[in-house]
Amino acid sequence: MARAGALWAAAVLLAVAAPMVAAALLPPAAQAEPAWVRGDIRLNVRSGPGTKYRILEGVATGDGLTVLSRTEEWTQVRLENGTQGWIPAGYLAIEPPPTFKLQRLEDEATSLRARLEKMTSEDATLRESNVSLSESDGNQKQEIERLTLENIKLRAGARYPEMIAGASIFCAGMILGAILRRSSGRRHTPRIRL
């Protein structure tokens, strides 16, 4: 019984330590590279490079992974949630699947539509503002023209009293001159009678 317990403990220890030993013995990847599960499949992510290791999680087509190292039959990966494990080699692609690209393009299209709606709204607001400012500008030009004409009339009107006074003096001088001429036209002759 003690021997069975020891064997069982050794098996558990081996199962826990094997992935760490295997990872230490495998050549490290030059650098982590992104990858996606290809095809329409579902893969088990295992705790070590082999089917005897326990399943940690599952990944499906389109799930993003980071490749940490590779062997002939197994690839060590890190999932997006940080879990590290092993999957069979040959199921990864360096290009994202069409569904991933489609989703990215749909998100981009949604973002662009939102921007377009915002810009269309801003355009309408600016057009209304432009129309309002154009009307205001036209009204101000008319007011300036009206005030300019009124100013010209006022300046001309300020000269009328001067012109009337000058004309009055001129006319009065002519009348006075005519009267004086008539009266001076008769000579006073002294009437001396002898």
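The values are calculated or read from the model by the stated rules, or taken from the named source; none is laboratory data. Not measured: the values here are computed from a predicted model. In this analysis, Cβ positions are derived from the backbone assuming ideal geometry, glycine residues included, and neighbour counts consider all displayed protein chains.
Scanning the range 56-74 for residues that are within 14 Å of ILE94 (Cα to Cα) and of a type in the set (Val, Ile, Thr), we see that the one that is surrounded by the fewest Cβ atoms within 10 Å (Cβ to Cβ) is THR66.
If you go through the range 82-100 and keep only what is of a type in the set (S, T, N, Q) and either over 14 Å from ALA60 (Cα atoms) or surrounded by 15 or more Cβ atoms within 10 Å (Cβ to Cβ) (or both), you end up with THR83, GLN84.
Please work out if ALA23 is closer than 17 Å to ILE87 by Cα, of a type in the set (A, V, I, L, M), surrounded by fewer than 12 Cβ atoms within 10 Å (Cβ to Cβ) and modelled with pLDDT of 50 or more. In short, no.
Do we have SER47 as of a type in the set (Gly, Ala, Ser), within 21 Å of ALA32 (Cβ to Cβ), touching a residue at least 40 places away in the same chain (Cβ under 8 Å) and surrounded by 16 or more Cβ atoms within 10 Å (Cβ to Cβ) here?
Working: of a type in the set (Gly, Ala, Ser): yes; within 21 Å of ALA32 (Cβ to Cβ): yes; touching a residue at least 40 places away in the same chain (Cβ under 8 Å): no; surrounded by 16 or more Cβ atoms within 10 Å (Cβ to Cβ): yes.
Spelling it out, it is not the case that SER47 is of a type in the set (Gly, Ala, Ser), within 21 Å of ALA32 (Cβ to Cβ), touching a residue at least 40 places away in the same chain (Cβ under 8 Å) and surrounded by 16 or more Cβ atoms within 10 Å (Cβ to Cβ).
Meeting the requirement of 3 or more residues that are of a type in the set (A, V, I, L, M) and at negative phi, the strands (runs of 3 or more DSSP E) wholly within the range 64-149 are 64-70.
Tell me, please, whether a residue that is charged (D, E, K, R) and either in contact with a Phe, Trp or Tyr (Cβ under 9 Å, 6 or more places away or on another chain) or over 30 Å from THR51 (Cβ atoms) (or both) can be found in the range 73-82. Write out each step before concluding.
At the first step, the residues of the range 73-82 found to be charged (D, E, K, R) are 73, 78, 80.
Those still in the list that are either in contact with a Phe, Trp or Tyr (Cβ under 9 Å, 6 or more places away or on another chain) or over 30 Å from THR51 (Cβ atoms) (or both) too: none.
There is no residue in the range 73-82 that is charged (D, E, K, R) and either in contact with a Phe, Trp or Tyr (Cβ under 9 Å, 6 or more places away or on another chain) or over 30 Å from THR51 (Cβ atoms) (or both).
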